[in-house]
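J.: First the structure, then my questions, so here it is.
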Amino acid sequence: MNEDVKVEDLTRPQAAAELERLAALIAAANTAYHQEDSPDISDAAYDALKHRNAAIEARFPDLVRSDSPSEQIGARPAEGFAKVTHSQRMLSLGNAFAAEDVTDFDAGIRKYLGLGPEADLRYTAEPKIDGLSLSLRYEDGRLVQAATRGDGSVGENVTANARTIGDIPQRLSGAPAVLEVRGEVYMSHADFAALNARQAEAGEKTFANPRNAAAGSLRQLDPAITKGRPLRFFAYSWGELSEPLAKTQAEAIERLNSLGFSTNPLTAICNGPEDMLAHYAAIEEQRATLGYDIDGVVYKVNDLALQARLGFRSTTPRWAIAHKFPAELAWTRLEAIDIQVGRTGALSPVARLHPVTVGGVVVSNATLHNEDYIAGRSASGEQIRGGKDIRVGDWVQIYRAGDVIPKVADVDLEKRPPEAMPYVFPTTCPECGSAAVRETGDAVRRCTGGLICPAQAVEKLKHFVSRAAFDIEGLGAKQVEQFYADGWIAEPADIFTLKERYGSGIQQLKNREGWGEKSASNLFAAIEERRKIPLGRLIFALGIRHVGEQVSNLLARHYGTWEAFEAAVREAAPLEGPAWEEMNNIDGVGKVLATSLVTTFAQESERASIDRLVGHLEVQPVAAPKTEGSPVSGKTVVFTGTLEKMTRAEAKARAEALGAKVAGSVSAKTDLLVAGPGAGSKAKKAAELGIETVDEDGWLALIAGI
DNA sequence: AGACCTCGAGTTCA
DNA sequence: CTCGAGGTCT
């Protein structure tokens, strides 16, 4: 009955009735989806219902129902886009905040390239558009795929939507056979305002800022909706190419422009840091009148041959940096300080704020890092707040670090209420009451409750099912919390007995809010699927301190099987002896890490929990590469310089798996030197000794196909 | 021993 | 995304 009434025109009683109606509709749609094979309403219609519900709740927060659809667990998953693996990773950029960071950037590059301060070195400088990056793949001049950045390696296929954007050509003439153009999708201020006006008029939700509007528009499942949204695109980079575009960054951009792409008119060539900073100032001055959002200036080494020499760090290129504009600031009142307990027992203080808009987003929480941060003293120079302590009741200045994480920048002592007392950091865990202690030299205070602490237990379980660990579909953070609260799951092993214990458990699951027969059987199937688990994932899932994803894979590659790994950890328990030495000799594993691993396994309760878990699993070994016929078997290899296609730790592990011995320095015994860019004295020495030297590609070719 | 780099852990909002 | 800290390189 209220369906056609705009959200903002609803009276209170109407809103209450509408929320009731929507709750019933959405619940019915969820049931239909979970219990039958075909949902009864389209995704778009379903989303519209949820949007309307959220909009009304936002306007009448006190009318939010206890059975509100926005709170439901196990609701219909967002119908996703297909995944796309980028042929070349889409990296992010390093950040500069001060002029000094820019001069450091220049100095670092000169040093890396072996150039003096006077040598000619040019950079491009262009505005950093605040939108979302997109990679467009053209084959033989036709647009064949458009993908979002995603996590850098795998993005989402949004080709149909990208085709609706006017700035994106469908066809190119005179382009390389394979051309991946990268750039930014954005919305202008004028278009954003007009869109929001239309949205409001239609009773649809409005967007907080142009960036969200652009992101929301590009990620529409129905391209027809995207087509109606005024999106634009600036090209600024490229991925895979069948032939080079040009010799310099500036010429490449010009080439993209002549192929029909919009490129930013404020792109300039700068000669050194002074020039770069001047251009930065010039762009900042025009910021308000550009008509679209920018959040900084990007500098890139102009010479593409030099870019190639500089290469990449793990997540960022060495030859580019983003010089950010100062973050937007806002003042608000600190209403409370809460303590959260993490997986490792870390007590993290969180500021509860009177909601305030910062950079187009309403913020009501902010991280306070740790005890010292609140106290206003810092071990390692975080002096943004000039040594002022933070008290409940204070007026605090908030900014969003990297435009994401809200932080407290300053405290207004003038406005401090006289009754405000310094915050006393708890020395017991607020969740379980165990002592919370701070190791000397550590910034964090940790709950000592271990598995007794419910917060730690839940966080460990969440970690266990997380994406890089067991990644069980249908068992996310929310479900884990609920199952833990209901006593269904107390430790990881319990996940694998869930079906036995709640056997015809589907019956019981079905009675839960938001669960139907289909989602329950899907969950059990997903759990079954994960009984087979790669060794690296298992080690990571255990959630041992200092043992993250990378280290877990390193350990898995080194030991190969669960049996070998487990035996090694047990034998290393005295923190000495051959097994201990071997572990410490793994590249990337040091004392702190090895101690953490070995002592965790040595704890009776942890140990028992791990044994119970592994009993339910079939751990897949890391395929041991054959060392037979390996061209490097028995040889001594040294790596130097920067490796671009693998980490040093990875390279070493791989070489050892192939039967080579990896040494740290070049000597007469060295058989082969693998030298990446930036190689220095080792390469010189190898040349003097007449030792065979190859670059990274040569090394990869050598070991290929084994 | 110090500089540099990577990884781990924790955090927010849509 | 950022900080802190562990680990390696020079």
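J.: Any idea which residue in segment A:177-199 is nearest to A:Ala288 (Cα to Cα), counting only those that are part of a helix (DSSP H, G or I) and more than 16 Å from DNA strand B (Cβ to nearest atom)?
T.: Checked segment A:177-199; the qualifying residue nearest to A:Ala288 (Cα to Cα) is A:His189.
J.: From the list A:Ala252, A:Ala235, A:Ala194, A:Ala215, pick out the single residue that is touching a residue at least 40 places away in the same chain (Cβ under 8 Å), small (Gly, Ala, Ser) and over 19 Å from A:Thr148 (Cβ atoms).
T.: A:Ala252
J.: If the requirement is being at pLDDT below 85 and closer than 27 Å to A:Gly487 by Cβ, which of these qualifies: A:Arg467, A:Arg400?
T.: A:Arg467
J.: Within segment A:261-310, which residues are in contact with a helix residue (DSSP H, G or I) (Cβ under 7 Å, 6 or more places away or on another chain) and acidic (Asp, Glu)?
T.: A:Asp293, the sole residue that qualifies.
J.: Quick one: which of A:Gly641, A:Gly615 is over 18 Å from A:Gly560 (Cβ atoms) and either assigned by TED's automatic domain parsing to the domain that holds A:Leu310 or at pLDDT 90 or above (or both)?
T.: A:Gly615
J.: Can you pull out the residues in segment A:529-552 that are within 12 Å of DNA strand C (Cβ to nearest atom), surrounded by fewer than 20 Cβ atoms within 10 Å (Cβ to Cβ) and over 13 Å from A:Ala469 (Cβ atoms)?
T.: A:Arg545, A:His546, A:Gln550
J.: Going through segment A:580-613 one residue at a time, which ones are within 16 Å of DNA strand C (Cβ to nearest atom) and over 32 Å from the mean Cα position of the chain (by Cα)?
T.: Hits for segment A:580-613 are A:Trp580, A:Glu581, A:Glu582.
J.: Determine whether segment A:432-441 contains at least one residue that is among the charged types (D, E, K, R) and at pLDDT 90 or above.
T.: No - not one qualifying residue is present in segment A:432-441.
J.: Determine whether segment A:491-502 contains at least one residue that is in contact with a helix residue (DSSP H, G or I) (Cβ under 6 Å, 6 or more places away or on another chain), buried (at least 18 other Cβ atoms within 10 Å of the Cβ), at pLDDT 90 or above and assigned to a loop (DSSP other than H, G, I, E, B).
T.: Yes.
Per-residue answers, yes or no, for (1) within 16 Å of DNA strand B (Cβ to nearest atom); (2) more than 28 Å from A:Glu491 (Cβ to Cβ); (3) among the hydrophobic types (A, V, I, L, M, F, W, C):
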site: A:Glu581; (1), (2), (3): no, yes, no
site: A:Asn585; (1), (2), (3): no, yes, no
site: A:Val592; (1), (2), (3): yes, no, yes
site: A:Ser605; (1), (2), (3): no, no, no
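J.: What tally of residues in segment A:403-433 results from selecting those that are assigned to a strand (DSSP E or B) and more than 30 Å from A:Asn95 (Cβ to Cβ)?
T.: 1
J.: So in segment A:86-104, with the set limited to residues that are part of a helix (DSSP H, G or I) and aliphatic (A, V, I, L, M), which one is modelled with the lowest pLDDT?
T.: Selected residue: A:Ala99.
J.: Going through A:Ala147, A:Ala119 one at a time, which residue ends up being at pLDDT below 95, in a strand (DSSP E or B) and of a type in the set (A, V, I, L, M)?
T.: Just a single option satisfies the conditions, and that option is A:Ala147.
J.: Is there a residue in segment A:217-238 that is at positive phi and not in a strand (DSSP E or B)?
T.: The answer is no; no qualifying residue exists.
J.: Hey, among A:Glu204, A:Glu243, which residue is part of a loop (DSSP other than H, G, I, E, B) and in contact with a strand residue (DSSP E or B) (Cβ under 9 Å, 6 or more places away or on another chain)?
T.: Exactly one residue qualifies, and that residue is A:Glu243.
J.: Has segment A:553-576 got at least one residue that is within 28 Å of the chain's Cα centre (by Cα), under 20 Å from A:Phe464 (Cα atoms) and free of Cβ contacts under 8 Å to residues at least 24 places away in the same chain?
T.: Yes.
J.: Oh, and also: Among all residue pairs at least 6 apart or on different chains, which show Cβ distances below 8 Å where the first residue, located in segment A:283-308, is among the hydrophobic types (A, V, I, L, M, F, W, C) and modelled with pLDDT under 90 and the second is surrounded by fewer than 22 Cβ atoms within 10 Å (Cβ to Cβ) and not in a helix (DSSP H, G or I)?
T.: A:Ala305/A:Lys247; A:Leu306/A:Leu121
J.: In segment A:326-341, what residues are in a loop (DSSP other than H, G, I, E, B) and surrounded by 17 or more Cβ atoms within 10 Å (Cβ to Cβ)?
T.: Within segment A:326-341, just A:Ala327 meets the criteria.
J.: Considering only segment A:265-282, state which residues are touching a residue at least 60 places away in the same chain (Cβ under 8 Å) and part of a loop (DSSP other than H, G, I, E, B).
T.: Residues satisfying the conditions are A:Leu266, A:Thr267, A:Gly272.
J.: Is it the case, given these coordinates, that A:Ala655 is within 28 Å of A:Arg89 (Cα to Cα) and at pLDDT below 70?
T.: No, not satisfied.
The values are calculated or read from the model by the stated rules, or taken from the named source; none is laboratory data. Please read these numbers as outputs of a predicted model, since none were measured by experiment. Backbone-built Cβ (ideal geometry, glycine too); neighbour counts: all protein chains shown.
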